[in-house]
1. If you take the residues in segment 284-295 that are among the hydrophobic types (A, V, I, L, M, F, W, C) and open to solvent by 40 Å² or more (accessible area, probe 1.4 Å), which one is nearest to residue 210 (Cα to Cα)?
2. Which of the residues spanning segment 184-209 are without any contact (Cβ under 8 Å) to a residue 60 or more places away in the chain and either outside any loop (DSSP other than H, G, I, E, B) or open to solvent by 20 Å² or more (accessible area, probe 1.4 Å) (or both)?
3. Taking segment 300-335 as the search range and keeping residues that are of a type in the set (D, E, K, R), open to solvent by 40 Å² or more (accessible area, probe 1.4 Å) and in contact with a helix residue (DSSP H, G or I) (Cβ under 9 Å, 6 or more places away or on another chain), which one is farthest from residue 279 (Cα to Cα)?
4. For residue 549, only one of the following conditions fails: (1) assigned to a loop (DSSP other than H, G, I, E, B); (2) closer than 24 Å to residue 374 by Cα; (3) open to solvent by 40 Å² or more (accessible area, probe 1.4 Å). What is its number?
5. What single numbered condition from (1) modelled with pLDDT under 95; (2) in contact with a Leu (Cβ under 8 Å, 6 or more places away or on another chain); (3) farther than 22 Å from residue 181 by Cα; (4) assigned to a helix (DSSP H, G or I) fails to hold for residue 230?
6. Is it the case, given these coordinates, that residue 493 is open to solvent by 10 Å² or more (accessible area, probe 1.4 Å) and under 25 Å from residue 199 (Cβ atoms)?
7. Would you mind stating whether residue 91 is in contact with a helix residue (DSSP H, G or I) (Cβ under 9 Å, 6 or more places away or on another chain), assigned to a helix (DSSP H, G or I) and under 30 Å from residue 412 (Cα atoms)?
Amino acid sequence: MYSSISRNLCSRGRVCPALLSPYCQPLSWRERITRDQTQHWCVCPGQGQCVIRSMGSVARRRRALPSAFPVLEQPLQPVQQHVYEANLRNSIACQNKYVELREKIQKGGGENATVRHTQRNKKLLVKDRLRLLLDDEDFLELSPFAGLGLPYGDIPSAGCLTGIGRINGLWCVFIANDATVKGGTAYPITVKKQLRAQEVAMQNRLPCVYLVDSGGAFLPLQSEIFPDKNQGGRTFYNEAIMSAMKIPQVSVVCGSCTAGGAYIPTMAEETVMVHRIGTIFLGGPPLVKAATGEEVTPEDLGGATLHAEVSGCVDHFAWDEKEAYEYTRNIISTLNYELPEEEEEEDSLRKSRGEEEPVNCSEELQGLAPLNYNHSLDVKMVVSRLTDGSRFQEFKARYGTTLVTGFAKIHGNQVGIVASNGELSNEACLKGCHFVQLCDQRDIPLIFLQNTAPTPGLTLSTPQAEINSNRIKAQGSMMSAVACASVPKITVVIGGCHGADSYAMCGRAFDPNFLFLWPNARVSVVAPGHCDSLLPPGAEEKEQQVMELELNKRLKEESSAFFSSGRLWDDGVILPQDTRKVLRACLDIINQQRYQLSTERLQTPLLRI
């Protein structure tokens, strides 16, 4: 520590306050990397701006510390074959439902709406827009099943596509209205999905691109869209906060922006508007005629020509959609990021970090996705099919064995893994608390593989009451550790997501960066078939059986992964065999923020007269 300070003196020959602990820093500073040295620019109290140089620190490519994690040998044993086959049959049935629902949502609002959108309105479909905007079609889509099975009907993809894709090599969040679904009308689930996409952008510091083509709010449900904190107005609040956080936002007006929707493009940093198909106004031509009797065309009232030449609401005028997305790609290229120079260089860096494929095939994860808690195999079998070379450095291997914790690499990225291997006992929670704090101290991202127990054990004796009390205290400590950990967190529900155990395993309420479900997953307070404790006491046996049957039927329906995803309680359902690929994308997305150069603004000294 002392030798480090002696080599980092500021231009005034003393230790700069920028090198002190953040708790005693009365200044703002930032680090700037030059070709031959590292410079710290800071504002010293009463001294103005000074420069700190790290002597002799020639810029070199950073490399991870060498590691030789042991290989996790977890082949499928003959005695496990019957469980594996039962899980596989269930996974295939879930995958068939997954494919069926994917085909349904890809049709958007249906054939008639598609024809009206493309032929009469001369617009591109959302997928075609993304094809022109993104570098490739391999993007991470968020919550594609949102909007299915809702009380007010099916809203395919909640009427908008959200996700994360590369534009000029830079990961960006996109929020694209699908006007073939109810004319782009915003339902409560639409607003919820847009807010979640903005939250992902803020949490991971990702640029955000809005493709606006919306008919405004669905008025019959206005009470669920307009007034509350996390409803429609929150979109505009988030836009302002994101700008203050120096998260870039670009808007493309490729359709209608009416009433509140007009603020999305006008609050973005830069806006592109398409001639003849894009409009921005608070009230459209019918409202103008009703209020004043004047007849006016949409183009004259709020078209691209008006806003580009008269009002100045938009910054770029595009003759067609193709030109609009070229403008957008060019805008993204002006952002202050420095990405690795060549993809080959990044690939060689991954190889130098020891990236290798798992020993066991990832396709076997289908048979490891549990049908129910009685069909759960050792979670280490799942871990060994996700990590590089199936290598895993286990932490506290002999303590609290119902929770597996340890270090591994996924596509060269070091991560800490917390995986359910049974009911979270007192010892397992203490172990989990320790490991989460350890990863937080070392700035290592956490990956939670959640398969929580269907129901806690009943308290039938004094010793059992003592065990449960200790477990609750330890579980509370683990919840606190997870909630307060500042490192990125990714949760994959591979089986059950039930009760308080799901909170300790970083469920949605504990704000993970991303949360995905396998198609076989179950999300409910109590798992189907374990609802005995929820039934009222004193009822007759026959009545108890009827109530239990009805409750289990409801739990089975409402705990489905697709029921959960339809209500946007997660970021999407993913197939088990795609988990490693999705985790790689998430880790790359999270890591991108280190390439942004303008995260902190250098504060100029206040001049007093």
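1. By that ranking, first place goes to 287.
2. 185, 188, 190, 191, 194, 195, 197, 198, 199, 201, 202, 208
3. Of everything passing the filter in segment 300-335, 329 is farthest from residue 279 (Cα to Cα).
4. Exception for residue 549: condition (1).
5. The one condition residue 230 does not meet is (4).
6. No.
7. When the stated conditions are applied, residue 91 passes them.
Okay, residues lined up against (1) open to solvent by 40 Å² or more (accessible area, probe 1.4 Å); (2) in a loop (DSSP other than H, G, I, E, B); (3) farther than 18 Å from residue 590 by Cα:
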residue: 418; (1), (2), (3): no, no, yes
residue: 427; (1), (2), (3): yes, no, yes
residue: 430; (1), (2), (3): yes, no, yes
residue: 435; (1), (2), (3): no, no, yes
residue: 440; (1), (2), (3): yes, no, no
residue: 452; (1), (2), (3): no, yes, yes
residue: 464; (1), (2), (3): yes, no, yes
residue: 468; (1), (2), (3): no, no, yes
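The values are calculated or read from the model by the stated rules, or taken from the named source; none is laboratory data. If you're wondering where the values come from, they're calculated on a predicted model, not measured in any experiment. Every residue, glycine among them, receives a Cβ derived from its backbone with ideal geometry; neighbour counts consider all protein chains shown. Remember, those area values only see protein heavy atoms, side chains included, never the ligands or the DNA or RNA. Shrake-Rupley method; radii C 1.70, N 1.55, O 1.52, S 1.80 Å.
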